[in-house]
Amino acid sequence: MSRKGGPDKITNDGLALQTQLVTKLRKDLGRRFGVFSPVVRAAAASRHATDAFGSRQIYLHSKCLLVDDRYALVGSANANPRSVRIDTELCVAWTDPRGVPALRLRLWDELLGAPAGLAGWAAGDYVANWTAVAAANERAEPGKRQGFVVRHDITRFPGVRDSSLDELAPAFDPTVVDGEQRPPNRSARRARPPR
């Protein structure tokens, strides 16, 4: 946040990019796409700009990616060049057809407040079921919510795109070294020497 109490220039630009991406995904995927925010299951003692439905949002820096109940990635790295090239970040990824579904169920059980039948949910119903829990939480008193999730409202913080920040992009572009564009490393595509 800036000293004026609003988002700083970089945060505002990031919020605008987030709004663009979420808007596009919602348009392209419709009901197969959902965005949710975790909130504290208690009423906020005072008002804050990021409160949602009378509660503080829970800021999670950790990332978790689960794919087809087979592949998992957990860590702190962001999906941007700065996180990969400059910041000290770590992610761990693995494939485990038994362990990944168990991880998903443990996480969802906590986030969604142990909904009945969770283990039997069909993949095609995941977003609808999450949305149902989130919508019920929005109507409930904070202390009576099931789990922690509410629907994320991108219209509250739409951000403002700032094209002047585009000049910073080369600093985070892995193909730019010392201010010069370098060809991508193609060593992985070279033909193997004959045996």
Would you tally the residues in segment 24-57 being surrounded by 15 or more Cβ atoms within 10 Å (Cβ to Cβ), aliphatic (A, V, I, L, M) and within 22 Å of Pro158 (Cα to Cα)?
3
Within segment 69-79, is there a residue that is part of a loop (DSSP other than H, G, I, E, B) and closer than 23 Å to Ala134 by Cβ?
yes
Within segment 151-169, can one find any residue that is closer than 26 Å to Gln18 by Cα, at pLDDT 95 or above and open to solvent by 80 Å² or more (accessible area, probe 1.4 Å)?
yes
Please specify each residue of segment 76-91 satisfying the condition of being at pLDDT below 75 and exposed (fewer than 11 other Cβ atoms within 10 Å of the Cβ).
Ala79
Scope segment 92-148; condition open to solvent by 30 Å² or more (accessible area, probe 1.4 Å) and among the β-branched types (Val, Ile, Thr); matching residues:
Val92, Thr95, Val127, Thr131
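The values are calculated or read from the model by the stated rules, or taken from the named source; none is laboratory data. A quick note: this is a predicted structure, and the numbers were derived from the prediction, not measured. Ideal geometry is used to build each Cβ from the backbone, glycine not excepted, and the neighbour counts take in all protein chains shown. Ligands, DNA and RNA are excluded from the accessible area calculation, which covers all protein heavy atoms including side chains. Shrake-Rupley method; radii C 1.70, N 1.55, O 1.52, S 1.80 Å.
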